[in-house]
Amino acid sequence: MASSCWGLPSLLCNAPELSGSTLRQMRRTIDTGFRDLVRAWSPWIDAVTAPLQKFLNGLESLFVNTPWIVVFVALLLAAYAASRSWKILIGTAIGLFGIGWFGLWQDAMITLSMVTVCTLIAVAIGLPIGILAARSDRAQRIISPVLDVMQTLPSFVYLIPVVVIFGIGKVPGMIAVVIYATPPMIRLTNLGIRLVDREVIEAADAFGSSERQKLWNVQLPLSLPTLMTGVNQTIMMSLSMVVVASMVGVGGLGRNVLQAINNQFFTMGFLNGFALVAIAIAFDRASQAFGRRLQRHSEVRDD
Amino acid sequence: MTEQKMTGQNQTDILPPDEEETVPGIQIHNLYKIFGPHPARYVQAVRDGMTKADLNRKHHHSLGLKDISTDLPAGRISVIMGLSGSGKSTLLRHINGLIMPTAGEVLIDGQDVAKMSPDELRTFRRHKTAMVFQKFALLPHRTVLENAVYGLDIQGIPRRDSTKRARHWIERVGLKGYEDRYPSQLSGGMQQRVGLARALTNDAPILLMDEAFSALDPLIRMDMQSVLLDLQKELGKTIVFITHDLDEALRLGDKIVILRAGEVSQQGTGEEIVLHPQNDYVRAFVKEVNRGRVVRLRSILRRKSPERDWPGLRLPGATTLEEAARRILDTSATEATVLSRGGEPRGVVTLSDVMENILTREDEI
Ligand SMILES: Nc1ncnc2c1ncn2[C@@H]1O[C@H](COP(=O)(O)OP(=O)(O)OP(=O)(O)O)[C@@H](O)[C@H]1O
Ligand SMILES: [Mg+2]
């Protein structure tokens, strides 16, 4: 390194850094401190994660153990109910059938149950936080930088504290996915509510709406398209994070991909990858069509 | 000016119009509104005479309203007039507290709107006021019917009752058959009438209407004006109505407040304003007015000379000059007895008095 110092003194040439021993000391202190803390709290952590674990297992076995044709029809019905579109229905049918045909049905079901739970939780957490951020500028000022950090931190990095605290398994995986998938929901909820027409809000005020009435009658319905984009983003983030979370013990398609990478199983990797893509596209199209359908009132009907 | 206007009449002959007594419904006292981050800092400066332009240039604050004082009569229609940007909407929003004053008070039933707690304000808005918005402000995701019941929804009135009331007003504003349409499927004028139906369904004693008829075509506009006049007669609502149109103001308004750059330029009855404009701004407004339809006999009648009898033709004091001229000509008389509000003979007018007053133009004064 010193070779390209352009004749500068070492202080200006090499970035100043802590000495190796100080750094080692610091790491050790933080790591052991963290570990001790977790150990002390572990009964509590277990108490919290146990029901989640149970719920996840229950849902997973429901998806996996139900005869495929029932799940197949139920998913198609759901896709059609959301989108009212034959195209999306047929696309979903082909995708699901293909997944089964290539022997990935069970893994796909595991992934699907995981994504479903994670999306529900992410929306349940993100919506109220987003509403809070929309209501108060101070809340927004606090929440916004936190979201920035959450979204720019490489997803692998927060697997580490999650694993340290919760260990390996489905629940830590789920927590990592939820953390990753919640920010877009918060952001878009905040944005959607803030963009609602000021005049309409004023009208709601003029008729004496309470904050709650204003939220339910005006702000949420009018920000629905943006909220649906948030849900859609959350689903997509969950799906991509499920693959990463397989490193901490989440099963399903993600684990197959991980194995394929480790063992250079080319075909297996791509089949599982395509299965994930098929699920993602189906979710995406169905939820977007649903969002559009909710906006029927803005279309001009001619009857 | 009066000299010439009352041509042919001896000034001292003229009797004052016997106006009806009114009770103030909304009292506005020394109201100031300054927009900007630190409005309170500049109130004193404005009181001491700082102009709107100076305030804007030196302190980057916008003067919305300056020292407004007016009593809007209860159970009557008051009209606020003025050019664009003169502060009409701002003044109206002070009445239901959508905008809070920088200084001054807005008293309704003796209570200052600016001092209400959020809860009191909410209750006040639910039960005492309804508002029609300049830009309609309909809820786009609700149908016409659902928009109309909005105020009642907020009050917690069950749909079973509220839809009945809403349907009545939707029909009355001429939107029957459109109950299940969304606002985006209606024309501007129809949307405005939905806003009107929404306010009327609320059945509040105070009705605030911000250019509520501006998007309507002339025929529907006349019809809606009649609705409003009927409403006021039957139910005695206190209505505050904003308009740009002096003819509309004169037709509807028991009292007219003319604003200019956030200040009251002149206030009074339509006749007072048409007969005695106090400045060029108001004079410009009333120049083109058809006086025969605005001025009433009570404003031009004169004392009967004691040696003469009351003329045979008897006309109420509220008769417009146009109508009076027609009636006098029909009976081929030359003068008429004008009755007081109680129906007693109060004074006389001659045909030439009437004709002169109809034909006087503002620029001749
Ligand atoms: N929130 C605000 N912030 C700053 N200035 C404002 C605000 N609201 C109104 N104003 C100013 O107050 C003045 C009066 O506005 P207002 O909307 O009351 O006018 P108006 O008489 O209703 O006009 P129009 O006939 O065009 O509706 C304008 O000069 C406007 O710029
Ligand atoms: Mg206005």
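The values are calculated or read from the model by the stated rules, or taken from the named source; none is laboratory data. It should be emphasised that the depicted structure is a prediction, and the values quoted were computed from it without experimental measurement. Cβ placement follows ideal geometry from the backbone for every residue including glycine, while neighbour counts extend to all protein chains displayed.
None of B:S86, B:S62 is near ligand 1 (Cβ under 9 Å from one of its atoms), surrounded by fewer than 18 Cβ atoms within 10 Å (Cβ to Cβ) and of a type in the set (S, T, N, Q) except B:S62. B:E105 satisfies every condition listed in (1) more than 16 Å from ligand 2 (Cβ to nearest atom); (2) in contact (Cβ under 8 Å) with a residue 12 or more places away in the chain; (3) at the interface with chain A (Cβ under 10 Å from one of its Cβ atoms) except (3). Looking across B:R193, B:R93, B:R167, B:R172, one residue alone is more than 16 Å from ligand 1 (Cβ to nearest atom), out of contact with any Phe, Trp or Tyr (no Cβ under 8 Å at 6 or more places or on another chain), modelled with pLDDT of 95 or more and at negative phi. It is B:R167. Among the helices (runs of 4 or more DSSP H) confined to the range A:217-302, the ones with at least 3 residues that are crowded, with 17+ Cβ neighbours inside 10 Å and within 14 Å of chain B (Cβ to nearest Cβ) are located at A:220-245.
For the range B:111-156, the set of residues classified as part of a strand (DSSP E or B), more than 16 Å from ligand 2 (Cβ to nearest atom) and not β-branched (V, I, T) consists of B:Q111, B:D112, B:A130, listed by residue number.
Per the listing B:V144, B:V173, the residue uniquely away from every other protein chain (no Cβ under 14 Å), buried (at least 21 other Cβ atoms within 10 Å of the Cβ), more than 30 Å from B:Q44 (Cα to Cα) and free of Cβ contacts under 8 Å to residues at least 60 places away in the same chain is B:V173. Evaluation of B:M222 against the conditions (1) more than 14 Å from chain A (Cβ to nearest Cβ); (2) surrounded by fewer than 16 Cβ atoms within 10 Å (Cβ to Cβ); (3) in contact (Cβ under 8 Å) with a residue 12 or more places away in the chain shows that the sole unmet condition is (3). Being within 12 Å of chain A (Cβ to nearest Cβ), of a type outside the set (D, E) and either buried (at least 21 other Cβ atoms within 10 Å of the Cβ) or touching a residue at least 24 places away in the same chain (Cβ under 8 Å) (or both) is true of B:G151. Looking across the range B:196-245, the residues that are hydroxyl-bearing (S, T, Y) and more than 16 Å from ligand 1 (Cβ to nearest atom) come down to B:T201, B:S226, B:T238. Looking at A:G249, A:G208, A:G230, just one residue is modelled with pLDDT of 90 or more and on the phi > 0 side of the Ramachandran plot, and that residue is A:G208.
Can you find even one residue in the range B:179-188 that is at the interface with chain A (Cβ under 8 Å from one of its Cβ atoms) and within 24 Å of B:L235 (Cβ to Cβ)? No, the range B:179-188 contains no residue that is at the interface with chain A (Cβ under 8 Å from one of its Cβ atoms) and within 24 Å of B:L235 (Cβ to Cβ). Taking first residues from the range A:168-184 that are free of Cβ contacts under 8 Å to residues at least 40 places away in the same chain and partners that are not in a helix (DSSP H, G or I), the Cβ contacts under 7 Å between residues at least 6 apart in sequence or on separate chains come to A:I179/A:Y158. Restricting the range A:194-216 to residues that are of a type in the set (A, V, I, L, M) and without any contact (Cβ under 8 Å) to a residue 24 or more places away in the chain, the residue that is nearest to B:I95 (Cα to Cα) is A:A206.
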